[in-house]
Structure formats: C-alpha cells, structure tokens
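Student: The structure follows.
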Amino acid sequence: MMILTSGNTYWNSISKGYKRYPTLNCNQECDVVVIGGGITGCLTAYYLSQYNINTILLEKNLIANGSTAASPCLLEYAINTELHNLINLLGKETAIRVYKLCQKSIDDIENILYNIRLHCDFQRKDSIYLCSDSNNENIMKTEFELRKEFNFNVEYMVKKEIENKFSFSFPCGIYSKNCGILDPFKFCHALLKGSSKKNTKIYENTSVVNFDYYSNNIRINTNNDCHIYCKKIVFANNFTAHNLLKDTSVVKLKTIYSMATEPLTTYNGWYEKCLIRESYDPNFYIRPTGDNRILACGFADDFKSSNYCAINIERKAFNILEKLKNLFPYIDNLKPDYCWCGTFGETKDSLPFIGKHPKFPHCYFNLGFNENGICYSVIGAQIIKDLILYNNNPDANIFSLDRKSLK
Ligand SMILES: Cc1cc2nc3c(=O)[nH]c(=O)nc-3n(C[C@H](O)[C@H](O)[C@H](O)COP(=O)(O)OP(=O)(O)OC[C@H]3O[C@@H](n4cnc5c(N)ncnc54)[C@H](O)[C@@H]3O)c2cc1C
C-alpha cells in the first residue's frame with residue numbers, strides 16, 4: 001500500500017475531543033455513497049445533505065487523516081499556473097472562469113461556516129506573490145494587469161515597497177486581497193456534524209473494496225463483508241480512485257514537505273501576516289496559524305516512494321527552517337515543532353477531475369488534485385451535487401474527465 005502522508009501532521013495533532021464515527025457492521029441502502037472522508041468527501045456529503053439526499057459517507061481510516069491532514073490549507077484563487085499561462089492552456093474565457101470559481105470557493109467556505117455557526121480558525125488573509133528574478137518583472141507586470149483587468153482585487157508592489165513592509169527584498173510582487181486560511185481538520189468534522197443533522201450517515205474504518213451493478217442498484221462491497229445498495233457513487237478518495245481513471249488521465253505525484261514552528265511572540269518583518277508565495281518555487285509557501293506559529297511548506301520532489309518521503313522529513317524541515325530564517329531575520333526563536341510530508345497529484349492542465357466517469361454509469365468523481373485542491377474540492381462538491389440533482393451544471397465541462405485540455 002502506498003502511504004502518502006508521513007510524519008507528525010499538525011492539524012490532527014492539535015485537535016482534541018473530536019467525534020469518532022462507527023464502523024459499518026450491517027447492510028444498508030441509500031441514494032448516494034460518498035467514498036472518502038477527507039475534505040472533498042466531507043464537502044460533497046455536506047452539499048448533498050443540504051438537499052436532503054439520503055447519503056452514506058465511508059472512510060477507510062479516520063476522518064481527515066489523509067492529504068487533508070497534511071495540507072497547510074492556504075485558500076488562494078490564484079493557482080500555481082499563472083493566469084496568463086492558464087489562458088494559453090485553456091483559452092481566456094475558461095481560464096478566467098477557473099480563477100473566478102476558485103475565488104468564489106473561498107466565499108463559499110465562509111458561508112458554510114456562517115450557516116453551521118462554527119469557526120474552524122477560518123480567517124480572511126491577503127497574499128503576496130513574489131517575483132524571484134528581476135528578469136521576470138515584465139511577466140509579473142503582465143500577470144498583474146490581467147488580474148486587474150478581470151477585477152481581481154490586486155496591487156502591484158515594487159521592490160522599495162516590499163522592502164518597507166517586509167524584512168526581505170524581492171524585485172516586485174502581486175499583493176492580493178480576499179484569500180484565506182482554515183483548519184482543514186476542524187472543518188471536515190464541522191461539515192460532517194452539519195451533514196449528520198440532515199440524516200447523512202458516516203462510517204469510519206470502513207473501506208470500499210469494490211462495487212458491482214446489481215439489479216437497478218449499485219452494490220458496494222466493504223472490507224467487513226457488508227453491502228450498501230445505492231443509486232450513485234461519488235469517489236472522493238483521492239489517489240485510490242485514480243485506478244479507475246487509468247485510461248483517461250495522467251497524474252504526476254509530487255511530495256511536499258511542511259513544518260510548523262513553535263508558537264511565536266513577534267512577527268517582525270511579516271506585513272499583515274499575509275500568505276507568501278514565490279514565483280521561482282510556487283510550491284514554497286507560508287501562512288500563520290491560529291496559535292501563532294508559522295506554517296511553511298516546500299522543497300517538493302517528484303514522488304519516489306513512501307519510505308523516501310519519510311526519511312527526508314528531517315532534512316527538508318531543516319531546509320525550510322533555514323529559508324524562514326533568511327526571510328525573517330528579526331523573528332527570534334524560530335524552531336520546528338511539527339514536521340511532515342504529504343503527496344499531491346498534478347494534472348497536465350492544472351485542473352482537477354470532476355464529473356461522471358465515461359465508462360461507469362452512475363459513478364461521479366470529485367478528485368481535487370493540484371496544490372489548490374481545497375478550492376477545487378468546493379467547486380467539485382457543487383458540480384456533483386448539481387449533476388446528481390439536475391444532470392447539469394454550467395461549469396461541468398471545464399473539469400470533466402474527457403475534456404479537451406487533457407488530450
Ligand atoms: C502537502 C500538501 C500541501 C497542500 N497545500 C494546499 C494548500 O495550501 N491549499 C490547498 O487548497 N490545497 C493544498 N493541498 C491539496 C489539498 O490538501 C488536497 O487537494 C485535499 O486535501 C485533498 O482532499 P481529499 O479529501 O480529496 O483527499 P484525502 O484527504 O486524501 O482524503 C481521501 C480519503 O479517502 C479515503 N479512502 C481512500 N480509499 C478509500 C476506500 N477504498 N474506501 C473508503 N475510504 C477511502 C482515505 O483514507 C482518505 O481519508 C495540499 C496537499 C498536500 C499533500
């Protein structure tokens with residue numbers, strides 16, 4: 001079995017007293033089974049529950065202990081593929097729609113939290129995207145102008161302004177409003193609390209082994225020899241579902257390393273404690289946590305093996321720490337407290353896989369691959385809810401499994 005998350009993941013380590021769900025021990029019937037209890041499955045179950053769709057969510061381990069526990073959870077509408085590059089890949093209309101949908105997904109998270117009256121350490125945050133190389137200043141300017149033209153709330157920062165506001169110097173940067181941060185572990189538990197009030201049933205330690213078409217239903221077979229008879233399945237089980245997509249998709253796996261420092265007393269040189277990302281390595285990023293730590297993530301490798309990731313955690317955490325010390329020379333006592341690694345999948349066109357399977361009737365996929373996976377999980381949960389209810393969603397084609405940009 002491929003283990004995709006190793007080390008001392010922060011979110012589940014700091015959470016205490018959260019609910020545990022039972023293991024399935026008898027046969028059941030329902031309309032929809034959601035496979036996977038990470039943030040994607042929890043969001044999907046939540047949206048289905050709002051329409052009173054009779055749903056069962058199955059998680060083979062514990063809720064939110066997969067990639068979701070490894071995610072630093074920066075909520076940014078700007079994906080790693082800059083808008084001008086995404087326009088080259090997908091065309092202007094689609095690329096802008098993707099950025100707008102990602103922006104809306106942050107509002108949607110805020111609205112869900114308002115509706116369920118829980119906080120989950122959500123905060124609105126600004127973000128700075130730093131240009132690492134003065135030769136690329138023109139590209140940064142083009143990117144800024146595009147975002148401005150399409151009404152993203154952005155400012156252009158020149159070197160002097162960056163030096164005035166932060167303890168580091170970069171040639172220029174794009175400062176964006178309306179991004180966010182969240183505790184993804186608490187959020188999953190909050191979503192399921194909300195869903196179970198509307199009759200969603202949730203089972204942990206229950207693995208889907210396979211499924212078959214049985215009379216007018218689908219029969220799901222679990223590791224503990226129970227069956228669930230349902231009308232539709234939503235696969236929200238991340239890489240495991242990828243086996244079913246072999247002939248439709250290519251996903252490149254990347255491992256990325258993370259570190260949460262010990263709690264800090266000062267944040268000197270960190271303007272507004274904003275989210276920070278660098279153009280040279282967009283997989284290096286920084287955010288604050290609710291308990292006053294810096295959570296930083298970076299030094300990604302192509303995935304080699306679970307063992308390789310695990311033995312490199314300490315070395316990579318040291319690299320992250322050195323980088324933080326360079327960026328923030330006036331923050332005292334930067335020390336690692338939690339260090340871990342996680343693996344995510346990258347698709348050829350930077351988009352997730354959302355929608356119906358071309359070959360398996362009544363099977364839907366919500367696979368929020370890529371480093372903005374959480375925004376994609378929100379978008380996917382809404383599209384799938386619409387496909388299940390109305391067989392239609394205006395954005396479904398952008399992310400469908402047989403879209404042109406994958407060919
Ligand atoms: C290190 C790292 C950094 C990231 N940073 C960010 C970020 O800053 N911002 C952002 O938006 N995104 C980020 N992402 C991406 C984002 O975290 C993921 O896209 C998201 O967490 C995926 O959630 P998920 O629910 O799809 O997958 P998971 O959390 O992996 O959940 C899938 C679940 O399915 C279960 N499962 C698998 N097979 C079965 C089965 N047969 N039966 C039952 N259950 C099964 C698994 O046990 C697992 O719990 C990052 C990812 C990583 C790894």
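Student: Assigning unit charges at the beta carbon (Lys, Arg +1; Asp, Glu -1) and nothing else, what dipole magnitude in debye, to the nearest 20, does the chain show about its Cα centre?
Tutor: Rounded to the nearest 20 debye, it is 740 debye.
Student: Further question on the same structure: Run lengths n ≥ 4 of DSSP H only: what is the helix-derived mean residue ellipticity at 222 nm for the chain, with -39500 (n - 2.57) per run over all residues, to the nearest 500?
Tutor: About -10000 deg cm²/dmol.
Student: Any chance you could count the Lys pairs in segment 58-165 whose alpha carbons are under 15 Å apart, treating pairs 8 or more apart or on different chains as valid?
Tutor: Close lysine pairs found across segment 58-165: 5.
Student: I've got another one for you. How big is the gap, in Å, between the Cα center of segment 327-399 and the Cα center of segment 107-152?
Tutor: Between the Cα centres of segment 327-399 and segment 107-152 lies a distance of 17 Å.
Student: Could you work out the per residue convex hull volume over the alpha carbons of the chain, in cubic angstrom?
Tutor: Taking only Cα atoms, the chain has a hull volume of 134 Å³ per residue.
Student: For helix 306-327, report the angle its Cα long axis makes with the longest principal axis of the Cα atoms of the chain; keep it between 0 and 90° and round to the nearest 10°.
Tutor: For 306-327 against the chain, the angle is about 30 degrees.
Student: Next question. What lysines could a cross-link reach from residue 186, if we take a straight Cα to Cα line under 18 Å and drop same-chain neighbours fewer than 8 places away?
Tutor: Correct list for residue 186: 16, 19, 197.
Student: List every residue whose amide H lies under 5 Å from the amide H of residue 372, counting only residues 5 or more places away in sequence or on a different chain, with H placed 1.01 Å from N in the peptide plane.
Tutor: For residue 372, whose amide H was placed from the backbone, the distant partners under 5 Å are 80.
Student: Then there is this: Compute the acute angle (0 to 90°) between the alpha-carbon long axis of helix 184-196 and the principal axis of greatest extent of the alpha-carbon atoms of the chain; round to the nearest 10°.
Tutor: For helix 184-196, the angle is close to 30 degrees.
Student: Angle between the Cα long axis of helix 373-390 and the longest principal axis of the chain, 0 to 90 degrees, nearest 10?
Tutor: Value to nearest ten degrees: 30.
Read the figures in this text as sums done on the coordinates, not as results from a lab. A quick note: this is a predicted structure, and the numbers were derived from the prediction, not measured. Cβ coordinates were reconstructed from backbone atoms using ideal geometry, including for glycine residues, and neighbour counts include every protein chain displayed.
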